[in-house]
Each structure stands twice: as structure tokens, then as C-alpha cells.
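Q: Below is a structure I'd like to ask you about.
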Amino acid sequence: MQPGPDRQPRAGGREREHPWDSEENCRVLSQQGSGEGGGVVYCICEGGLYTIRVRARAGCGPLMPGDRLALPTEDGESEEIATILGGARYRDMPAGAQAVITDVVHDLIRDLPDKFLTFYNRAGNLSRKFHAFQLLPGIGPSKALQMVEGRGRLGWDTFEDVDESCKIDSAQLLTDRLVEELKDPQMTPSLLENVVRIPDA
């Protein structure tokens, strides 16, 4: 029997009910209430950038945007999070979460460069006339070609290498594209689905 459309296989042959089930950590976007009584916290997962709602443990105290929290797993509990309530669409998030999501994603990308440099080091042509670099805001065909030439065969080790080679703010451009996709999940081609959320990306 094949897994249903909302279920994904996980290690050991068991099915994964939600796409964020394999996530270990998340970053806070906004918190409803003081945290003394628990309350709902909007977060973004570090691995696949899934936006979720969680219920905080009573007495967790105030949580600030960008705070890193461990998610509860089958093998252990989280000090701050009692349970994951479900996914959270951008349009349904409170204004506070929407206001900080770009900054939080940018910091996350800078903190986990190996994962997100994958795009710059592996991006190729999507068609004969369109390179994946052109998905980034403000990057046209000639700039994309320049970036490919600057990458060469060895690629880049840091975002600073990309910036110096291509004269761009690589982390910010990637942030802007990914946040656009979080706002509009129908955007295609999707870097979230084709780069960020693939295994070992």
C-alpha cells in the first residue's frame, strides 16, 4: 500500500504524517501571550522552512523572534514546546510573525550556510534560456551567466565568496526568494521544494 498524499515514508518503513515530523529545531516568529500560561507560538523549522504553530509549555517565559527551540520528538520532549499544533500559512499568521519572517529566515540562512549554499553551488539551467539563478530577485540572463562563470568547477565555500565573486548579497537574495515562496506556495519553480526540502539539501 502506498502512502497517502499527506503522508511521507520515514526511516524504518513507518509513515511520516507531517512534513515537519523529521525536524529537530525551529526559530520563533511570534508568541501569543507572556508565556507564563503556555500559549501559541508561531515558528519556522530550520530544515525545510516549514511554518508551524506550537503550544508552549506553561512558564516558558517570553520568547523573542529568532530564538532557537528544540521540537518535541518521538524520543524526547522539548523544554519550551509542549506540542506541535499544525502548519501555519503565511496569510494566517499574526502581523508580528509576518513582520519578522524575512529577518528570521535571513539569520537562519547565515547560521546554516552549508545547507543553503547548495543552491548556489548546484543551480543549473531550467531550460535552454533560463537558469535557476534567474529565480533570484533582480538576476537577469547576463548576470546569471556571469555567476555561472564565477562559480567555475569548484564552487563557493561561503556566502562571502559568492558575494565577492558575483557582487551580490547572496544570502539576502536567497532569503527574499524563499520568503516570496512562503507567502505564495503556488510559485513555480519552487526553491523550497526543489532545493531546501530535498533530502540532504
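Q: Please get the size of the charge dipole for region 112-196, origin at its Cα centre, with Cβ charges of +1 on Lys and Arg and -1 on Asp and Glu, quoted in debye to the nearest 20. Walk me through the numbers before you get to the answer.
A: Values: 10 positive and 13 negative charges, 93 e Å.
Charge dipole, region 112-196, about its Cα centre: 440 debye, nearest 20.
Q: Now for a different question. Sticking with the crude label model, points 7 Å out along Cα→Cβ, report the distance from residue 184 to residue 55 in nm, one decimal please.
A: 3.6 nm
Q: Rg/Rh for the chain to two decimals, with Rh computed the Kirkwood way over all alpha-carbon pairs. Mind dumping the intermediate values first?
A: Details: Rg = 18.3 Å, Rh = 18.2 Å.
Reported Rg/Rh (Cα atoms, Kirkwood Rh): 1.00.
Q: Per 5 Å bin, what is the whole-percent P(r) computed from every C-alpha pair distance within region 89-197?
A: The calculated distribution, bin by bin, is 2, 11, 23, 24, 20, 11, 5, 3, 0.
Q: Okay, next question. For each of 22, 127, count neighbouring Cβ atoms within 10 Å of the residue's Cβ, then give the residues from fewest to most. Kindly include the intermediate steps, with their values, before the conclusion.
A: Values: 22 16, 127 6.
Taking fewest neighbouring Cβ atoms as first place, the list is 127, 22.
Q: Further, regarding this structure: Looking at the chain as a GNM with Cα springs under 10 Å, which of 117, 29, 126 has the largest mean-square fluctuation?
A: Result: 126 has the largest fluctuation of those listed.
Q: While we're here: Need the full-extension length gain, residue 130 to residue 167, defined as separation in residues times 0.36 nm minus the C-alpha distance. One decimal, nm. Mind showing how you got there, number by number?
A: Values: separation 37, 0.36 × 37 = 13.32 nm, distance 2.05 nm.
11.3 nm is the gain from fully extending residue 130 to residue 167.
Q: In deg cm²/dmol, rounded to 500, what helix-only [θ] at 222 nm does the chain give when every DSSP H run of at least 4 residues adds -39500 (n - 2.57) and the total is split over its residues?
A: Per the formula, -9500 deg cm²/dmol.
Q: So, one more: Could you put 26, 60 in order, starting from the residue whose Cβ has the fewest other Cβ atoms within 10 Å? The partial results should precede the final answer.
A: Details: 26 29, 60 21.
In increasing order of surrounding Cβ atoms, one gets 60, 26.
Q: As an exercise, use a Förster radius of 41 Å and the Cβ-Cβ distance of residue 68 and residue 149 to find the FRET efficiency, rounded to the nearest 0.05.
A: With a Förster radius of 41 Å, E is 0.65.
Q: Would you mind getting the Kirkwood hydrodynamic radius of region 23-120 from its Cα pairs, rounded to one decimal in Å?
A: Working: mean 1/r = 0.0740 Å⁻¹.
The answer is 13.5 Å.
Q: Evaluate the relative contact order of the chain (contact order divided by residue number), counting alpha-carbon pairs under 8 angstrom at least 6 apart; express in whole percent. Working shown, then result.
A: Numbers: 304 pairs, mean separation 31.3, N = 201.
That works out to 16 percent.
Q: DSSP loop chymotrypsin sites (Phe, Trp or Tyr not before Pro) in region 101-201 with at most 14 other Cβ atoms within 10 Å of their Cβ, which ones?
A: Details: sites: 116, 119, 120, 130, 133, 156, 159; in loops: 130, 156.
Sites meeting the loop and neighbour criteria: 130.
Q: Can I ask one more? For 90, 42, what's the fewest-to-most ordering of other Cβ within 10 Å of each Cβ? Numbers along the way, then the final one.
A: Numbers: 90 15, 42 25.
So the ranking, lowest neighbour count to highest, is 90, 42.
Q: What residue among 48, 76, 124 has the largest mean-square fluctuation in a Gaussian network model of the chain, using Cα springs under 10 Å?
A: 76
Q: Which Cα, out of 54, 137, 30, lies furthest along the positive dipole direction of the chain (beta carbon charges, K/R +1, D/E -1)?
A: Ranked along the dipole, the leading option is 137.
Q: Most mobile of 66, 140, 39 per a Gaussian network model of the chain (Cα springs, under 10 Å)?
A: 140
Computed from the coordinates by the stated procedures, all read-outs in this text should not be read as laboratory data. From a predicted model like this one, the values you see are computed outputs, not experimental measurements. Neighbour counts are summed over all protein chains in view; Cβ atoms, including those assigned to glycine, are modelled from backbone coordinates with ideal geometry.
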